[in-house]
């Protein structure tokens, strides 16, 4: 069976006790793990996910090294980070010898 979608990428979250999860990995807690995806517009994704009821645990932040990102809680303890590449801060680059 083929699933059609207008989206270029889809990320599905499956409960750890779901029958499709390999038996040795069911019910294992996850802590401190971040799965990052690069997106074209992190701010728009944050708005979309907030509207859908996602738990945003770190709001959108622009980092001087050239990333705009935010973090979403995922069931089971995983953190999902959505990252947009932006221009790095020139002063930060200079201070870091880049």
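The values are calculated or read from the model by the stated rules, or taken from the named source; none is laboratory data. Values in this document were obtained by computation on a predicted structure and should not be read as measured data. All Cβ positions, glycine included, derive from the backbone under ideal geometry; neighbour counts span all protein chains shown.
Details
- Within the range 22-42, residues that are closer than 12 Å to residue 71 by Cβ reach no partner that is modelled with pLDDT under 85 and assigned to a helix (DSSP H, G or I) with beta carbons closer than 8 Å at six or more positions or on different chains.
- Filter result for residue 32 (part of a loop (DSSP other than H, G, I, E, B), more than 20 Å from residue 10 (Cβ to Cβ) and more than 11 Å from the chain's Cα centre (by Cα)): yes
- Selection from the range 41-98 of residues that are surrounded by 13 or more Cβ atoms within 10 Å (Cβ to Cβ), out of contact with any strand residue (DSSP E or B) (no Cβ under 7 Å at 6 or more places or on another chain) and within 22 Å of residue 16 (Cα to Cα): 76, 77
- Residues in the range 66-87 that are over 13 Å from residue 37 (Cβ atoms), assigned to a loop (DSSP other than H, G, I, E, B) and at pLDDT below 95: 75, 76, 77.
- Residue 24 vs. criteria at pLDDT below 95 and assigned to a helix (DSSP H, G or I): yes
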